[in-house]
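The values are calculated or read from the model by the stated rules, or taken from the named source; none is laboratory data. No experiment lies behind these values; they were computed from the predicted model shown. Methodologically, a virtual Cβ is constructed for each residue, glycine included, from the backbone with ideal geometry; neighbour enumeration extends over all protein chains shown.
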Amino acid sequence: MLFEDNITFLILKVMITCAGTFGMMGSTTKFRSVKEKPISIMIFASYIIYVIISSYAIIYFFSYQHLLRVFILTISCPAILLLHNVSDEPFPRLVFIRATHILISLYIAGTITLINTALHGTELSDILMRLLVYLIVILLDFHFIRCIYLDFITEIKKGWGILSLIPCSLILLAVAIAFYPEHYSRRPSSVVMIYLLGIVIVILYAAIGAFLSMQYHRQEIEQNRKILELQVQNIQRAAADMEKLAKQTKIIRHDTRHILSTIASLAESGDTQAILDFTSIAGQNPDIPESTHYCTDALLDTTLYSYFKSAEGSGILLQTSIAIPDILPVDSAGLAICFANALGNAIECCEKLPREKRTIIFKCIAKPKLMLEIKNPQPDRITFDKNGLPHLPEGGMETHIRSIVAFCKEYDAFYSFTVENGWFKVMVTI
């Protein structure tokens, strides 16, 4: 039962469906910080008024079924554009997720209509069912899907343009099956086709999920591979420096034997002045060159050396205070990757700033516990999720943060991410 003669009920049903869909969209949206909040509220209010007026006009002059055929243009597209203007998401990714929400909302609304019709329900039962179901879906979206979305999907940067065509095409197909040539509730064969399409949609999204998961893990592996390659290069560079140092030491030892032999000969002749003159000249030889070391662990030492050199090459001012124990409380490879991610993120942030503002403060103490603190100026606005994990509007730091968190969880270490007076701080205590 569509109750097409009750225009007030139809408008109310449209508004509940629209609000429920908008709530699903908003539950997984990272909203941009807006200074003119009254203006934003006015824009949202204007959108609601527009939906009411346009829906009423279409129902009044045409029919409710006509509204169902064109709602994508009159309601859904403006909602996506509105969310695009107040969120930090790239447009293709936003279209994919929001069109998916619209597709889910189509099935929710259609199923409620079929249940209410089968039970010979009233307008009130239809409204109550819609309110209850949309409230449950929004809560599930916010408490479960949002975490997966922010930590998983936002990390994937490419391919969203093609993927966004899938839910858009499925929406058009579902609308064509459901509302042409007449409403699906009057055609049992269309109901069967709609839910067969639903099975296809579930299978298709399972395949998309597997593809995105593969991309996600591939990016993690690629990042870890780059870190390991960098560490290997650093070890090779350190080995080459040690070899060079050994050759220089060998030469100096060879020269030292000749110096001592000459001094011994002069001592035998009793020429004290000649000995003094010779030792004065010999003392002008260069000293053995010294190499920079930060700790006794080779892997951790080369990691710090490499990232500090990279920071210096980018014109970043380093303020370091390092005390690392000889015996580490955790695996050195894991700790080196943690340090690499923290420093890598700090360097990437600083490279976005003018050279005079590029600064990294790196502190590490050994007692009472091994504690790392890295601070750098933060050029971009950072948002934090309910777990206290930071996110940039365009992404770029999530991979570093996720790797640090994974390390801390593996070794039961304390971690925190904070922003104070324009400085981003990472703290890890083991």
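A few points about this structure:
- Residues located in segment 164-175, provided they are out of contact with any Lys or Arg (no Cβ under 9 Å at 6 or more places or on another chain) and over 14 Å from ILE104 (Cα atoms): LEU165
- Across segment 378-430, the number of residues qualifying as surrounded by 13 or more Cβ atoms within 10 Å (Cβ to Cβ), touching a residue at least 12 places away in the same chain (Cβ under 8 Å) and of a type in the set (S, T, N, Q) comes to 5.
- Index of the failed condition, LEU170 passing every other in (1) surrounded by fewer than 19 Cβ atoms within 10 Å (Cβ to Cβ); (2) assigned to a helix (DSSP H, G or I); (3) not aromatic (Phe, Trp, Tyr): (1)
- Taken as a whole, the condition of being under 30 Å from GLU89 (Cα atoms) and basic (Lys, Arg) applies to LYS352.
- Qualifying residue in segment 145-163 (condition: at pLDDT 90 or above and of a type in the set (Ser, Thr, Tyr)): no
- Annotation: of all residues in segment 316-345 being touching a residue at least 40 places away in the same chain (Cβ under 8 Å) and among the small types (Gly, Ala, Ser), the one that is farthest from ASN376 (Cα to Cα) is GLY334.
- Among the residues making up segment 405-430, those that are of a type in the set (Val, Ile, Thr) and either assigned to a loop (DSSP other than H, G, I, E, B) or farther than 14 Å from MET371 by Cβ (or both) are VAL405, THR418, VAL419, ILE430.
- Residue in segment 341-349 that is modelled with pLDDT of 90 or more, over 21 Å from GLY315 (Cβ atoms) and buried (at least 16 other Cβ atoms within 10 Å of the Cβ) present: no
- Listed by position, the strands (runs of 3 or more DSSP E) inside segment 315-403 whose residues that are more than 30 Å from VAL86 (Cβ to Cβ), touching a Lys or Arg at 6+ places or on another chain (Cβ under 7 Å) and not polar (S, T, N, Q) number at least 2 are 371-377.
- Matching residues in segment 176-207 - criterion: being more than 21 Å from ILE72 (Cβ to Cβ) and within 36 Å of the chain's Cα centre (by Cα): LEU196, ILE199, VAL202, ILE203, ALA206, ALA207
- A count restricted to segment 192-224 and to residues that are closer than 16 Å to CYS168 by Cα and surrounded by fewer than 13 Cβ atoms within 10 Å (Cβ to Cβ) stands at 2.
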